[in-house]
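Down below is the structure, laid out as structure tokens.
Readers should treat all values here as calculations from the given coordinates under stated rules, not as data from a laboratory. This one's a predicted model, so the numbers in the text were calculated from it and none came from an experiment. Because the Cβ atoms are built from the backbone with ideal geometry, glycine has one as well, and the counts that use them run over all protein chains shown.
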Amino acid sequence: MAAQRIDLKNPILAAALAWFVPGLGHAYQGRWFKAILYSVCIWSTWFCGWALGDGKVVYYNRDMKRGRWTAGYAAQVLVGAAALPAIYQNGRASPGGKPEDRSQIELKGPISGTFDGALAGVNFTDGRKAFFRVRGQLEMQPSDDDSFRRSVTGRFTGTVHPTDENDAGVADGTAVEVSVNYLESLEPEVFPSAHRALKCTVKGRISGAKGGDISADLRGKVLNVRSLWNRYAAPLDAEGLEAAHGDLGKYFEIALVYTWIAGLLNLLAIWDAFEGPAYGYGDEDPATGKRPDDKSVPPPVVATATPAPVFAEPPPPSQVSATG
Amino acid sequence: MLDPLLAANMNVTWWLLPLVVTVSLVYNATRYELPEKILQRSMKMAVAIIAFMGGALVFLFLLS
């Protein structure tokens, strides 16, 4: 047995370490080549998938109300420490055992940063309608007004970039300044993206435009406002999953497969840490299965004749007659 | 995130190659202990997988 030639130390501890951090179990056993090989292969596959999926493919989403859960996570969690935060993040994102509805999520504190998005359904006071791409600075905070639960106050200042089809007579790069008054939709705080999407109603003015007073929907993302703690291994809600498929296309699936395969490969590595290599050390003679340092002579094979069947001799006739 | 331009110009089949290499290495590392034996068997296995997939690709290409 190859395991007899390898000091597996405490196999259960080695297997646990191999699960928790790929390669660590073999390092504990002093099998350095395998420790490096497993860690490089499994970690690179894992992070390749993670990066390819824009950090959105490793998550555990359990909807207690509908009885659904992310089955692919069963393969991902075999990588151990890198996937475990997903369970905790699911609890943070779904406090009631169900993902939050974006139209019900409230703004809990101020949010500000560079905003990239669109002014949709723009209504000018003279009746013109338009749609503009916008980029600028957004500052928003919860309103003190208790009459509407989702009231917010804030301001967006930036520039508008009309589309070719509908410029409404507004030049590209025209300044816009609007005040925010009602939050229609907000992405969860725990979500696998650095940017936070929102949609709100606004009123304000586009500088220099004829009939420049407007009301519109401001929709888009505040860039780089989510901390790593709030986005690592965080679950996707239904809208987020749809958007991720739209943004990443087939690469979302490829990224998922990479992370699954990384986990499944680590399952093999865990078993290797527990039991040793399956076929042998690797230097055995293919014909005899012996190690190179094994000088023992195998016992000679002696051909033996098949022994004749032994039958009990029949009793003599005198005994037969006496008993009969 | 992946560069969209790179992604658009890259055939998804190429993403198979790193997987073939890692799967071959890890699988054979669980079979043997000697590094030379692991590398030798991994190379054979990777070539066999690529040859098989290449054959399947050619077969499907001819069918289509």
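Brief remarks follow.
- Long-range tail of P(r) for region B:14-63 (Cα pairs > 19 Å, %): 33 percent
- Volume of the Cα convex hull of region A:180-269, divided per residue and given in Å³: 129 Å³
- Number of Lys pairs (Cα under 29 Å; 8 or more positions apart or on different chains) in region A:80-229: 14
- Cα long-axis angle, helix A:250-275 against chain A (0 to 90 degrees, to the nearest 10): 30 degrees
- The Cα trace of the protein assembly as shown gives Rg and Dmax of 33.7, 140 Å, the first to one decimal, the second as a whole number.
- q = 0.10, 0.15, 0.16, 0.18 Å⁻¹, region A:74-208: log10 I(q)/I(0) [Debye, one scatterer per Cα]: -0.45, -0.82, -0.88, -1.02
- Gaussian network model of chain A, springs between alpha carbon atoms under 10 Å - residue of A:Pro22, A:Pro99, A:Pro162 with greatest fluctuation: A:Pro162
- B:Trp14-A:Ile6 pseudo-label distance in nm [points 7 Å out on the Cα-to-Cβ vector]: 3.6 nm
- Both numbers refer to the Cα atoms of region A:1-106; Rg and Dmax are 18.1, 63 Å.
- A convex hull fitted to the Cα coordinates of region A:69-135 yields 201 cubic angstrom per residue.
- Each residue of region A:235-243 was assigned a 3J(HN,Hα) from its phi angle through the Karplus expression (A = 6.51, B = -1.76, C = 1.60, θ = phi - 60°), giving x, 8, 8, 4, 5, x, 5, 4, 5 Hz with x at Gly and Pro.
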